[in-house]
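Worksheet for the structure shown next.
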Amino acid sequence: MLLSRWILHCCVLALCGCLAAGCRPDDPQPSSAPPRLARELALYNWPDDIPRSVLEAFTREFGVKVVYQTFQSQEEAVAALLDGKVYDVAVLENPFIPPLVAANRLKELNFRHIPNFRNISANFRDLAADPGNRYTVPYHYGTTGLLVRTDLVGQTVRRWSDLWQPRLQGKVAMRAQSRELLGLTLLSLGYSLNSEKPSEIDAAVERLIALKPQVRWVEVDTPKAVAKLLDGSAPVLLGWPMDYQVAHAANPAVAYILPEEGTALWSDNYVIPASSPNVYTAEVFINFLLRPEISAQIVNERSYPTANEAALDLIKPEVRNDPVIFPPAEALRRAHFYRPLSREGETLYQRAWDRFLAAPPALDGQP
């Protein structure tokens, strides 16, 4: 498995390109002593992404309460940070880092307070989204695939383009993730996941609009998202490995498909927003999360592979050997990593998503 994990890291490398109320800011201290820790730390993240047990362990050791606040999409998170909302640590995917850096919405990191950064694999450092890791600490990564109820629709869903089949009308569930949906539609047309060609973006948004009336919209929370899959109202769900672990445990007929056009690979990072009044406490928290045993605990409970190389041998064998969590090298050779867009590309994608939102609504839910 050490070899296969090394292959996994190499494949990924090849593809790369607190609320203010109730908080006490880090107290300034003489230069010979670190600041005091704040009483509370505001964490801004996906729902249920970091186990409650990990947050409670940090509180027991350091006496800092973690206030867990959530977003439903990366676009929502970016908008909140651009608006200057106050958080101490946030989780962001690679493509969304450069615009926030350009807008001075992220703090530069003091790695003297994050010595466990040494545990991060070299394959995840110094990437195009943040050269030199001035603002980001790699967290975990994963695939986007299709969860399929094979007992209801059989084994025939193998490609992104299959989502447009008439027999699946009203049977597909999705989340409102603009970059993800536009990217996967581009793949379904044979284009690059990161295309910035206006003609290809136009073709993708028209194809996505055509699918919209057939889609059931679900929330980002895994239990809510997989509910429609498990009750059979949406036997195909565009989702992630943690969705699969929950769904497959409830129904072994659920399969996780990495489509033939290639999966999309994403990578999350810890960042400290510029609005944080508790920067030192945030760095202590990130350093705690980078302990090998803590990173391994997150993987074991949340089913996403970690960028923390020192944690790999502490991951449960049944998790480490699960091909949904740690895909085989062959699947990764056909994978595509999200890259940051140029300013012109950001404008193209935003206009395309606005057109999609303005189109007639889906079967249920939003948009």
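May I ask what percent, to the nearest 5, of DSSP beta bridges between residues of the chain are antiparallel? Can you show the working numbers first?
Numbers: 21 of 37 bridges.
Looking only at bridges with both residues in the chain, the antiparallel portion is about 55 percent.
Give me the 1.4 Å probe accessible area per residue for the chain, excluding ligands and nucleic acids, in Å². Each step should come with its number before you reach the end.
Details: 14820 Å² over 367 residues.
Value returned for the chain: 40 Å² of accessible area per residue.
Quick one: length gained pulling N300 to T150 fully straight, 0.36 nm per residue minus the C-alpha distance?
Details: separation 150, 0.36 × 150 = 54.00 nm, distance 2.62 nm.
Between N300 and T150, full extension yields an extra 51.4 nm.
What distance in nm lies between label points placed 7 Å from Cα along the C-beta direction at D364 and E330?
The two pseudo-label positions are separated by 3.9 nm.
Can you give me the long-range amide H partners of L265? Hydrogens built in the peptide plane at 1.01 Å from N, cutoff under 5 Å, separation of 5 or more residues or another chain.
H336, F337, Y338
How much length, in nm to one decimal, is gained on full extension between N321 and T70, taken as 0.36 nm per residue of separation minus their Cα-Cα distance?
On the way: separation 251, 0.36 × 251 = 90.36 nm, distance 3.03 nm.
Once the chain is fully extended between N321 and T70, it gains 87.3 nm.
Could you give the length gained by full extension between E56 and R343, i.e. 0.36 nm per residue of separation minus their alpha carbon distance, to one decimal place? Provide the component values of the computation, followed by the final result.
Numbers: separation 287, 0.36 × 287 = 103.32 nm, distance 4.04 nm.
99.3 nm is the gain from fully extending E56 to R343.
So which of K65/K85; K65/K224; K85/K197; K107/K212 end up more than 29 Å apart by C-alpha? Walk me through the numbers on the way to the answer.
Details: K65/K85 19 Å; K65/K224 27 Å; K85/K197 34 Å; K107/K212 39 Å.
Exceeds cut-off: K85/K197; K107/K212.
How large, in Å, is the chain by the Kirkwood hydrodynamic radius built from its alpha-carbon pairs? Working shown, then result.
Details: mean 1/r = 0.0472 Å⁻¹.
That comes to 21.2 Å for the chain.
What is the magnitude of the charge dipole of the stretch 237-367 about its Cα centre, with +1 placed on the Cβ of each Lys and Arg, -1 on the Cβ of each Asp and Glu, and no other charges, expressed in debye to the nearest 20? Walk me through the numbers on the way to the answer.
Details: 10 positive and 16 negative charges, 44 e Å.
For this selection, approximately 200 debye.
The values are calculated or read from the model by the stated rules, or taken from the named source; none is laboratory data. Nothing here was measured: the structure is a model prediction, and the numbers come from that model. Note: ideal-geometry Cβ built from the backbone for every residue, glycine included; neighbour counts use all protein chains shown. Side chains included, ligands, DNA and RNA excluded: accessible areas come from the protein's heavy atoms. Shrake-Rupley method; radii C 1.70, N 1.55, O 1.52, S 1.80 Å.
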